[in-house]
1. How big is the A-B contact in terms of buried accessible area, both chains counted, 1.4 Å probe, rounded to the nearest 100 Å²?
2. Quick one: what does P(r) look like for the stretch B:345-482 with 10 Å bins over all Cα pairs, in whole %?
3. Take the Cα pairs of the stretch B:80-145, get the Kirkwood Rh, then feed it into Stokes-Einstein at 4 °C and 1.567 mPa s and tell me D in µm²/s.
4. Give me the compactness ratio for the stretch B:174-303, meaning the Cα radius of gyration over 2.2 N^0.38 Å.
5. I'd like to know how the stretch B:1-143 sits against the 2.2 N^0.38 Å rule of thumb: what's its Cα Rg over that expected value?
6. Using alpha carbons only, how many degrees (0 to 90, rounded to 10) separate the axis of helix B:455-464 from the longest principal axis of chain B?
7. As an exercise, find the ratio Rg/Rh for the stretch A:4-148 from alpha-carbon atoms, using the Kirkwood inverse-distance average for Rh.
8. What number, rounded to the nearest 500 deg cm²/dmol, is the helix-based mean residue ellipticity at 222 nm of chain A, given -39500 (n - 2.57) per DSSP H run of at least four residues and division by all its residues?
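The values are calculated or read from the model by the stated rules, or taken from the named source; none is laboratory data. Fair warning: this is a prediction, and the values are worked out from it, not measured in the lab. Neighbour counts are summed over all protein chains in view; Cβ atoms, including those assigned to glycine, are modelled from backbone coordinates with ideal geometry. All accessible areas refer to the heavy atoms of the entire protein, side chains included, with ligands and DNA or RNA removed. Shrake-Rupley method; radii C 1.70, N 1.55, O 1.52, S 1.80 Å.
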Amino acid sequence: MARAIVDARQIRSRYEIIEHTADIGIRVRAKNPEELFALAACAMFDLMVDISKVKPEKKAEVSLKADGFEELLVTWLNELVFRADVTGMFFSRFEVDSVTETSVEGSVMGEPYDAQVHSIGENVKAATYYQLEVSRTDDGWQAKVIFDV
Amino acid sequence: MSEISIRKVSDYIYEIERTGAMRVPARIYADEEIMNALSNDKSPQQAANVATLPGVVKYSLAMPDIHWGYGFPIGGVAATDPGEGGVISPGGVGYDINCGVRLMRTNLSIQDVRPKLRELVTELFQTIPTGVGAKGAIEKLSVSDQRKLIMKGSQWAVDRGHGNEADVTHAEQGGCLPHADPDKVSEHAMERGLAQVGTLGSGNHFLEVGVVDTIYHPEAARAFGIEEGTVTVLIHCGSRGFGYQICDDYLKVMTRAAEKYKIELPDRQLACAPAESEEGRDYAAAMAAAANYAWANRQVIMHLTRRAFERALGLSPRDLGMRLVYDVCHNMAKYEKHSVNGKERMLWVHRKGATRAFPPGHPDLPADYRSIGQPVLIPGDMGRESYLCVGTKAAMEQTFGSTCHGAGRVLSRSQAIKRSKGRSIKRELEDKNIIVMAHGRATLAEEMPEAYKDVNRVVNVMHSAGISLRVAKLKPVGVIKG
């Protein structure tokens, strides 16, 4: 296991946008599952807000279980969407301590939304299972997620 | 799945022949231009995927606003027969459960409003929370209040003083599905719902002040309370985070259920369970909870709109005369009676980006519309027309009483943003006498008129096919968005 930390720095160059007529998707590549999960979360928040302006001030722990890497990735992303929705926060720093096929442990950092400071992008309703992929590649891991926006 | 093959059945119907795992053919309502534009689109394949669902009846259908979705195509309609193992699928409803539209009419004419339009749109924008994190339209609910809301839908809002009884009777299903059960809703969903009642949300959701531009069907227009020049309001939104969470929760349940009941899925987002199974019934009860939440939400927004009009224009409620014409759902599975091969059957009709369009005489219509048919509300993009139409007998016979729900996107969001570079969409709309206010940096660009099909063409397909007939065309004059 390799702890991974991903934040706003150079995030735009670390994921690809997948074009979709009504919605939007991302593809991310990483060295290991921990980095993959951190990167996917950071990319998702980068779609939602200009995360370079979101200060990683408050921390929240996240510990989740699911059945397989794909369901786990959707569960992780949607838990963060849920937390953002109920706390009125955006997150910009993602620390993933461990990812197994059935669990993810980590923490996220961010601050409450401030309309004067934070420039809003897409309204991500949820990460979907449509064309969802988490796979090993020759030199690491990759994931593809389509969001309902 | 094998390559799909499409043949023209009539001027406005195209059929995807049954192949592979498809249990029935798929049919797309479209004209030639719409069909040509779909040649490289994934949505016809999605309509074919839906045709593989257990218990699907007659056809997997798609309306002319069909576009690429997840699971079902947007604009998809499919009915399943629970008596034959028919399934219910959260993927056939979507995350924004009971996303829908309500249309209100007023006593005002455009001349009354035009001189104070900017003040009115500003007042609406300040009164109705829109955009990310929108909350606080009304006091945050307690869990016990939210349980009542889940059981009562629109009526809950009216009982709390947000509207009147006539608002309830003019909503599809009276603004309440009876089988809602708060015990089938997760704590996460309950928590998300508490502060979001009365908020519009973001993306393609909007509130639009419009004016009746053309009447095509005077008798129906009279019954629906509008005439040329009448100022109207359209509200488009749904069940907010409450519904998204319920969909997400139940997709997991349904993935397990599909394995348990040995249902082969061409797309994981189509996860489903037999409607009569425990998992199916639980989803139906949770979906109904979200449906009722959405109705209460639109009811509260409608009432906030009334107050904003009264303040901005200095009118009494009586002078304003804002009344609900109708409220329709776009994303829903409804348990309805339909005739299949001459026999009456109870079916789960999934409408994913499609509108119910019941005919004159249908017992589910409010008494004052029963001889006319169900009002169908079809918003266009924010720069173009919206339509008020009416359901028909042909809809009942061909499309399980369903029609299109909007214009349908043609451009992806990033394509729209690219096209808008160097332009001010707000200014372009103002040049057309439409005042627009929005929060998001990208909302106006992504939602620009060119990102959508021409709603006139979409509505024309369903009118010409005899499924939903034009009653009136509305033109936007003011829009607020997230």
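1. Adding both sides of the contact gives about 3400 Å².
2. Whole-percent P(r) values from 0 Å outward: 12, 36, 28, 18, 6, 0.
3. Details: Rh = 16.9 Å.
Value of D from the Cα-based Kirkwood radius: 76 µm²/s.
4. On the way: Rg = 18.9 Å, N = 130, 2.2 N^0.38 = 14.0 Å.
So the stretch B:174-303 has a normalised radius of gyration of 1.35.
5. Numbers: Rg = 21.2 Å, N = 143, 2.2 N^0.38 = 14.5 Å.
Against the compact-globule rule of thumb, the ratio is 1.46.
6. Roughly 60 degrees, rounded to the nearest 10.
7. Working: Rg = 13.8 Å, Rh = 14.9 Å.
Taking Rg over the Kirkwood Rh, I get 0.93.
8. Details: 2 runs with 35 residues, N = 149.
So the calculated ellipticity at 222 nm is -8000 deg cm²/dmol.
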